[in-house]
Amino acid sequence: MITSSRMNGLNPYVPGEQPKDREYVKINANENPYPPSPYVISSVQEFISKHPEKLGVYPDPDSLKLHSAIADMLNKTGGVLCRCKTSTFSDGKVFVEPAEEDKIPFTVTPDMVYTGNGSDEVLSFVFYAFFDSSKSFVMPKFTYSFYPVYAGFYNIPSDAVPLKEDWSIDIQKMLEISKKNKSGIIFANPNAPTSLSVSREQVREMLLKANKDEIFIVDEAYVDFGGESCIPLLKEFDNLLIVRTFSKSLCGAGQRLGYIVANPELINIVTTVKNSVNHFPLDAISQVSGVAACESVDYYINCAKKVCEVREDFYNFLSKKGFFVLKSKTNFLFASHPKISGEELYQKIKKEGILIRHFNVQGIENFVRISIGTKEQMDLLKKAIEKVLG
């Protein structure tokens, strides 16, 4: 065989279906249904038209302006957009204030931020930096399915802990295994695909009991839709590393921007990995668009609030139609129906021109994951479900 033994052992991640044969209402990949802010569009257009020469030279390898903009955004919002308050002054400027429970008790600084090509690349570097064949990690059995992919890619042993009967993370069991094996911990919070959230205080209790010398990773891809960010805990725990993304609440899945918030020592470790792989991970346009997104965060606050409003409406609809549906803190719902399998529901909804997500995985095979689209998109799905259920 021409390939290596490593290559032959890979089990790649399977993303949400990307249709090529026809146009669908696409609510299967947890993308945001709204476009980036007008300021992002104008900033990118201005950058290209006024500074075309910058596309012919290498970008800032350290993305310093972007890191500063992200830190400023987090300080303004507290890291949870859907609960932010906004006020518009007579001159058109918008004042942003976090909810009281989301206020960060210190100032996030640029040296606490690392950025990469989407949170998937960021996670890859994190796995490389903190785990290896002798340093394992613990995760929930059902969580973001790229974690076990990276475990295989980097030859990292891992333990997947079954969820509790109510589909929540089994905190105690994860801690027991982590302590026994002296391993790190990773989980998405809110979790995917279940949509449930662990409170900040629960995470704090985990950190107090966890191995102080092992990494503790919280993936906050969906936190802006109702979870509790663990950024305030960074003041207390040096081994905490938080992964976040522009793909969900910042309407930027096509921008490929992800980032870490952690103490500067951990940021430097991940940066060392980055500089050993690709010194220029973010292109110039991504950096410009990322800064502009952070500077127009009031737009994204409004988008997050709309997603949450539509989510609650659709949750009520599914409940009335006999679905078992978990109470989501994300931009998606995880649901099953006693009269139709997840696979059949997915296929029949697809025939109606709408894509939702079905996981052909034992234990969750009867569920579908429904990303929250616009009100108009969800109204179309309501009609399709009513037709399918008869």
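The values are calculated or read from the model by the stated rules, or taken from the named source; none is laboratory data. Just so it is clear, the structure is predicted and the values come from calculations on it, not from any experiment. Cβ: placed from backbone, ideal geometry, glycine included. Neighbour counts: every protein chain shown. Surface areas here come from the heavy atoms of the whole protein model, side chains and all, with no ligands, DNA or RNA. Shrake-Rupley method; radii C 1.70, N 1.55, O 1.52, S 1.80 Å.
Please work out how many pairs of lysine residues in the stretch 1-124 are eight or more positions apart (or on different chains) and have Cα atoms closer than 16 angstrom. Write out the running numbers ahead of the final one.
On the way: 54/65; 76/85; 76/93; 76/103; 85/93; 85/103.
Pairs that pass both the separation and distance tests number 6.
In the assembled protein chains, residue 57 presents an accessible area of approximately 90 Å² (probe radius 1.4 Å).
Annotation for the stretch 78-113: trypsin sites (Lys or Arg not before Pro) lying in DSSP loop with at most 15 further Cβ atoms inside 10 Å of their Cβ are 93, 103. Quick check: pseudo-label points 7 Å beyond the Cα along Cα→Cβ at residue 107 and residue 351, how many nm apart are they? Between residue 107 and residue 351, the label points sit 6.1 nm apart.
For residue 332, nonlocal amide neighbours, meaning residues 5 or more places apart or on other chains whose placed amide H falls under 5 Å from its own, are 372. Each part reduced to its alpha carbon centroid, the stretch 304-362 and the stretch 210-246 end up 28 Å apart. Could you compute the net charge surrounding residue 86? Neighbours are other residues with a C-beta less than 12 Å from the C-beta of residue 86; K and R count +1, D and E count -1. Here the count lands on +3. For the listed peptides 174-182, 134-142, 162-170, a ranking on the average number of other beta carbons within 10 Å per residue, highest first, reads 134-142, 174-182, 162-170. In this rough spin-label picture, where each label sits 7 Å from Cα along the Cβ direction, the residue 176-residue 135 distance is 2.7 nm. Treat each spin label as a single point 7 Å out from the Cα along the C-beta direction, and report the residue 295 to residue 164 distance in nm. Taking the simple label geometry, residue 295 and residue 164 are separated by 4.6 nm.
Could you give the accessible area per residue of the stretch 94-203, probe 1.4 Å, as a whole number in Å²? Don't jump to the answer; show the numbers that get you there.
Numbers: 4600 Å² over 110 residues.
It amounts to 42 Å² per residue over the stretch 94-203.
Evaluated on the stretch 69-195, the Kirkwood hydrodynamic radius is 17.2 Å, with distances taken between all distinct Cα atoms. Taking other residues whose beta carbon is less than 15 angstrom from the beta carbon of residue 162, and scoring Lys, Arg as +1 and Asp, Glu as -1, yields -2. A prolate overall shape is assigned to the stretch 288-390, the ratio a/c of its alpha-carbon gyration tensor axes (a ≥ b ≥ c) being 1.5 or greater and a/b exceeding b/c.
Using the rule -39500 (n - 2.57) for each DSSP H run of four or more residues, divided by the residues of the chain, the 222 nm mean residue ellipticity is -11500 deg cm²/dmol.
Ordering of 237-247, 28-38, 186-196 by packing is 186-196, 237-247, 28-38, highest average first (other Cβ atoms within 10 Å, averaged per residue). Summing Lys and Arg as +1 and Asp and Glu as -1 over all other residues whose Cβ lies under 11 Å from the Cβ of residue 221 gives a net charge of -2. Cα gyration tensor of the stretch 202-317, axes a ≥ b ≥ c as square roots of the eigenvalues: rounded (a/c below 1.5), prolate (a/b > b/c) or oblate? In terms of gyration-tensor shape, oblate.
Quick one: dipole size for the chain, taken about the Cα centre, charges +1 on Lys/Arg Cβ and -1 on Asp/Glu Cβ, in debye to the nearest 20. List each step's numbers first, then the result.
Working: 45 positive and 47 negative charges, 198 e Å.
It comes to approximately 960 debye.
Calculate, for residue 362 and residue 57, the FRET efficiency according to 1/(1 + (r/R0)^6) with r their C-beta to C-beta distance and R0 56 Å; round to the nearest 0.05. Computed FRET efficiency for residue 362 and residue 57 comes out at 0.65. Listed values for the stretch 50-62 are Karplus-derived 3J(HN,Hα) couplings in whole Hz (6.51 cos²θ - 1.76 cosθ + 1.60, θ = phi - 60°), namely 8, 10, x, 5, 6, 7, x, 10, 5, x, 4, x, 9, and x replaces Gly and Pro.
Per the 1.4 Å probe, what fraction of the accessible area of the stretch 231-390, in percent, lies on carbon and sulfur atoms? Intermediate values should be presented prior to the final figure.
Details: 3190 of 6440 Å².
For the stretch 231-390, the apolar C and S fraction of the accessible surface comes to 49 percent.
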